[in-house]
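The values are calculated or read from the model by the stated rules, or taken from the named source; none is laboratory data. Since the structure is predicted, the reported quantities are computational estimates derived from the model, not experimental observations. Heads up, the Cβs are rebuilt from the backbone with ideal geometry, glycines too, and the neighbour counts pull from every protein chain shown. Heavy atoms of the whole protein, side chains included, go into the accessibility calculation; ligands, DNA and RNA do not. Shrake-Rupley method; radii C 1.70, N 1.55, O 1.52, S 1.80 Å.
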Amino acid sequence: MRPVRTIAVINQKGGVGKTTTVANLGWQIAGLGQPTCVMDLDPQSHLTLHLGVEPGVNPHDSYELLVTETTASQAALQVAGNENLWLIPTRIDLAAAETELSDHEDRHLKLRRKIAGQNLPWRFLMIDCPPSLSLLTLNALGAADDVLIPLQPHFLALHGLGKLLNTILMVRQGINPTIRVAGIILCMYETGTKLAAEVVADLHEFLQASRNSDLPWAQAKVFGQVIRRNIKLAECPGHGQSIFQYDPHSAGAQDYSALTGQFLELFGTEK
Ligand SMILES: Nc1ncnc2c1ncn2[C@@H]1O[C@H](COP(=O)(O)OP(=O)(O)O)[C@@H](O)[C@H]1O
Ligand SMILES: [Mg+2]
């Protein structure tokens, strides 16, 4: 079995589509037969709720994973209705993990130690990060093979992206020398607006300028499939369901389904 491919889904800005992407992309990748685990690393527990799990009810979760000897397999629970999907849930106490870990010398590498070299039964492990560049996010970056960045194309988006990429560069130079940015996913895309088109053109230009470098984002792909703004995507978390359960014919389901195809083209489908 190949080691699990660990993918951190990061943007330090809140409300850009990280959790929605982890829930629905994860659901669909698993639905296509790729054993997948999604991890909630945001104390707000939105991913946990989105997948229909009450925070704090499961005996194990990502808080324990970081601060105790609990293993990733122990912390994961199978998601109802999808035989290939697991969730490492969280609860509000995760916020305290930052303080509890702050005295540890290897505080950035707690998560990596729970994943690297472990015989985990999944092909993909996708981590939903909090909206900050905190110790929790650094743990995700320390553990990740790849980064996916959901981006909402509005006028300060690229400014925020620069800061995030600098953090990833520091991580590459320090705790995780092989990390790379695999792709950028355009979320809450307003089709037909000039602003969205301009931001995307700027993004391509920026990435083009780095193509021949050894920067972590030199090969980053801007996924051609965008996620349009779609009210059904905003409704389904309240029902504890993925978009594929809540409204499989919606634009949101179509977009995440097509994105899954592009994701698997990039990462491959072998087990
Ligand atoms: N494509 C979309 N269209 C409409 N609403 C969306 C879309 N993507 C996400 N949302 C909603 O926007 C809010 C923020 O999205 P979320 O995925 O939670 O962002 P983040 O995890 O980056 O904070 C949530 O209420 C979510 O349901
Ligand atoms: Mg979120």
Original post:
Being in a strand (DSSP E or B) and away from ligand 2 (no atom under 13 Å from the Cβ), is that true of even one residue in the range 13-27?
Top reply: no
**OP:** Scan the range 17-43 and report the pairs whose first residue is hydrophobic (A, V, I, L, M, F, W, C) and whose second residue is within 12 Å of ligand 1 (Cβ to nearest atom) and open to solvent by 10 Å² or more (accessible area, probe 1.4 Å), with Cβ atoms within less than 9 Å and a gap of 6+ or a chain change.
**Re:** 23/46; 23/237
**OP:** Only residues in the range 243-265 that are more than 15 Å from residue 226 (Cα to Cα) count as the first member; pair them with residues that are within 15 Å of ligand 1 (Cβ to nearest atom) and part of a loop (DSSP other than H, G, I, E, B), Cβ under 8 angstrom, at least 6 apart or cross-chain, and list the lot.
**Re:** 243/250
**OP:** Report, by residue number, each residue of the range 119-163 that is without any contact (Cβ under 8 Å) to a residue 60 or more places away in the chain, farther than 19 Å from residue 217 by Cα and not in a helix (DSSP H, G or I).
**Re:** 134, 154, 155, 156
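Yes or no, residue by residue, for (1) under 21 Å from the mean Cα position of the chain (by Cα); (2) among the aliphatic types (A, V, I, L, M); (3) open to solvent by 30 Å² or more (accessible area, probe 1.4 Å):
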site	(1), (2), (3)
171	yes, yes, no
182	yes, yes, no
186	yes, yes, no
189	yes, no, yes
195	no, yes, yes
**OP:** Go through the range 92-138 residue by residue and tally those that are within 16 Å of ligand 2 (Cβ to nearest atom) and surrounded by 22 or more Cβ atoms within 10 Å (Cβ to Cβ).
**Re:** 8
**OP:** Considering only the range 229-243, state which residues are hydrophobic (A, V, I, L, M, F, W, C) and more than 16 Å from ligand 2 (Cβ to nearest atom).
**Re:** 231
**OP:** Give me a count of the residues in the range 28-55 that are crowded, with 20+ Cβ neighbours inside 10 Å, within 9 Å of ligand 2 (Cβ to nearest atom) and in a loop (DSSP other than H, G, I, E, B).
**Re:** 1
Original post:
Which ones in the range 44-54 are more than 15 Å from ligand 1 (Cβ to nearest atom) and either under 16 Å from the mean Cα position of the chain (by Cα) or in contact (Cβ under 8 Å) with a residue 24 or more places away in the chain (or both)?
Top reply: 53
Subject >> Residue check for residue 259: within 18 Å of residue 151 (Cβ to Cβ) and at pLDDT below 95 >> reply: no
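So, in the range 1-43, exactly how many residues are of a type in the set (S, T, N, Q) and away from ligand 1 (no atom under 13 Å from the Cβ)?
Residues that pass the stated criteria total 4.
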**OP:** Scan the range 58-91 for residues that are β-branched (Val, Ile, Thr) and open to solvent by less than 20 Å² (accessible area, probe 1.4 Å) and report the count.
**Re:** 4
